[in-house]
Amino acid sequence: MERRGIMEVETPILDVSGNTDPNIECLSANIRHGGAGPRQFYLHTSPEFPMKRLLAAGAGPIYQIVRVFRDDPIGRLHQPEFTMLEWYRLGFDHQHLMTELEELIRALGLPAVRRITYGAAFVTHCGLDPHTAGIEELQAAAAGHGLASTEDDRSVLLDFLFSHAVAPRLGEAPIFVYDYPVCQAALARIREGDPQVAERFELFLDCIEIANGYNELTDYLKQDSRFLRDNERRARRGLETMPVDDKLIAAMRHGLPECAGVAVGLDRLLMAMLGVKRIDDVLAFPHSGPG
Amino acid sequence: MAFYSTSEFKNGLKLMIDGSPFTILDNDVVKPGKGQAFNRVKMRNLKTGRVIEKTYKSGESVEGADVVDLALQYLYNDGEMWYFMDPSSFEQLAATREAMGEATKWLKGEEMCDVTLWNGNPLSVSAPNFVILKITETDPGVRGDTATGGTKPAKLETGAVVKVPLFVEEGETIKVDTRTETYISRIKE
């Protein structure tokens, strides 16, 4: 990172705003202010928002290695805290950043990384076009792959089919999956075309998701409406709505430079390098689940 | 009936799926970083023994099955039903031939068996891992043939047939592993 002129930064772990993503649950902590009454803070689920504020303030290319926290069920690949490497490149798009991540992967002794669009991977392994398939088609395919829950949310059906039918068949070798359906855009920009796609990518090693990156959305109005839509989905699912990060919106209004960013799960990357199958095997003191 | 959330899923938990009782063999969380979390569950149908895989959205609840495992003493059968007794309550329970499965061929009476009850009725019965039974029928061993390691079929007092070494004679008592249906040793009376 230093050789490439990417500056190391440190950002707060606690913030009064949280992650609105309906599929990510924040851990929280109370600060009592010496008796002034507890105030609820959230532990960051990634350093993305403050890092983007630094980018908007003119920091240039930046990176960070930091512990992040998620209230996920503990499992073979999941711990409530794990280590993330996140970096941002100005003037890069997602393809360009994939190339830089591949250079990092190669430098660690892992093989070359193939690339496949989300659409092509889906058609190959699931026989459906994820951009155009109707809800009934997705439901029928999901039932065929063992989904017992009734579901009419397109994004949840795609999550199920991708994680159960596509990802397990991506093979042992490293592969980038890129250009996601717009309902899975998260914080990526949307590229117009037929089909419209979200300029997002993920890296898979041995069928395990290792990294997630975007050609970053820079439009503050679109960002604000995505946060609102996230909170609407949270409310519909009976989840707590999260305080939106107004500081990020203000920074983006000031101007977030065109950039691409990626978050890499370092524990899982280490798993792939060592050829072990459980995240517990790369941690000195893993947290264990109930029972 | 109780409902269990996916967060309570663990191996051995009994669930009702499409009207049949299942036991969980394996429960794995599948969670895309930016996506919905799922519980992928491998489970066995306690009626048919068939193993299936189903996936639930994490946070959903599934109806539990009223299934308990008890150690019961086998008493007798009338050809249609096999009768067991709970040694603590002296309560008697009857198992169908279907529930007995392979266990019928190892039981002669008084053995303690693991019995799985569903809604209070025996759903499946496991014979003890080891049983001691008398040989009622087997060909005479061939003299001088003891070193070759050959085997021959022997019919036991319960009707089961197992392979035994050539030196084992009719009328002798042997120990059998019911899980592998194999001869273990002769028992000196």
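So here's what we get for this one:
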| quantity | calculated |
| --- | --- |
| Top-ranked residue in segment B:54-67 [being touching a helix residue (DSSP H, G or I) at 6+ places or on another chain (Cβ under 9 Å) and more than 7 Å from chain A (Cβ to nearest Cβ); ranked as farthest from B:THR6 (Cα to Cα)] | B:VAL62 |
| Total residues in segment A:79-94, condition under 17 Å from A:THR218 (Cα atoms) and not in a strand (DSSP E or B) | 4 |
| Answer from A:ARG236, A:ARG229 - the residue that is more than 21 Å from the chain's Cα centre (by Cα), basic (Lys, Arg) and open to solvent by 60 Å² or more (accessible area, probe 1.4 Å) | A:ARG236 |
| Among residues of segment B:145-187, those that are modelled with pLDDT of 90 or more, over 11 Å from B:LYS134 (Cβ atoms) and of a type in the set (Ser, Thr, Tyr), counted | 5 |
| Residue within segment A:243-250 that is open to solvent by 20 Å² or more (accessible area, probe 1.4 Å) and within 18 Å of the chain's Cα centre (by Cα) present | yes |
| Some residue of segment B:31-53 being open to solvent by less than 20 Å² (accessible area, probe 1.4 Å), part of a strand (DSSP E or B) and facing chain A (nearest Cβ under 7 Å) | yes |
| Lone qualifier among A:ARG53, A:ARG67 - being open to solvent by 30 Å² or more (accessible area, probe 1.4 Å) and either among the hydrophobic types (A, V, I, L, M, F, W, C) or over 30 Å from B:SER5 (Cβ atoms) (or both) | A:ARG53 |
| Tally, over segment A:19-44, of residues that are open to solvent by 70 Å² or more (accessible area, probe 1.4 Å) and within 29 Å of B:LYS57 (Cβ to Cβ) | 1 |
| Residue list for segment A:189-239, filter: under 26 Å from A:ARG114 (Cβ atoms) and in a loop (DSSP other than H, G, I, E, B) | A:ARG189, A:GLY193, A:ASP194, A:PRO195, A:GLN196, A:ASP206, A:CYS207 |
| Among (1) within 13 Å of chain A (Cβ to nearest Cβ); (2) assigned to a strand (DSSP E or B); (3) open to solvent by 40 Å² or more (accessible area, probe 1.4 Å) - the single one B:PHE22 does not satisfy | (3) |
| Qualifying residue in segment B:56-75 (condition: at pLDDT 95 or above and of a type in the set (Val, Ile, Thr)) | yes |
| Residue within segment B:95-103 that is basic (Lys, Arg), open to solvent by 50 Å² or more (accessible area, probe 1.4 Å) and either in contact with a His (Cβ under 8 Å, 6 or more places away or on another chain) or more than 24 Å from A:ALA148 (Cβ to Cβ) (or both) present | yes |
| Where B:LEU13 falls short, out of the listed (1) within 14 Å of chain A (Cβ to nearest Cβ); (2) open to solvent by 40 Å² or more (accessible area, probe 1.4 Å); (3) out of contact with any Leu (no Cβ under 9 Å at 6 or more places or on another chain) | (2) |
| Complete set of residues in segment A:135-152 that are facing chain B (nearest Cβ under 8 Å) and either acidic (Asp, Glu) or open to solvent by less than 70 Å² (accessible area, probe 1.4 Å) (or both) | A:GLY146, A:LEU147, A:ALA148, A:SER149, A:GLU151 |
| B:LYS57 vs. criteria touching a Ser or Thr at 6+ places or on another chain (Cβ under 7 Å), more than 30 Å from A:PRO22 (Cβ to Cβ) and not hydrophobic (A, V, I, L, M, F, W, C) | no |
| Close pairs (7 angstrom Cβ cut-off, 6 or more residues apart or separate chains): at positive phi in segment A:79-93, open to solvent by 30 Å² or more (accessible area, probe 1.4 Å) anywhere | A:GLY91/A:GLU258 |
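The values are calculated or read from the model by the stated rules, or taken from the named source; none is laboratory data. Please read all numbers here as calculations on a predicted model, not as lab measurements. Every residue, glycine among them, receives a Cβ derived from its backbone with ideal geometry; neighbour counts consider all protein chains shown. Note: accessible area is taken over every heavy atom of the protein model, side chains too, but ligands, DNA and RNA are not part of it. Shrake-Rupley method; radii C 1.70, N 1.55, O 1.52, S 1.80 Å.
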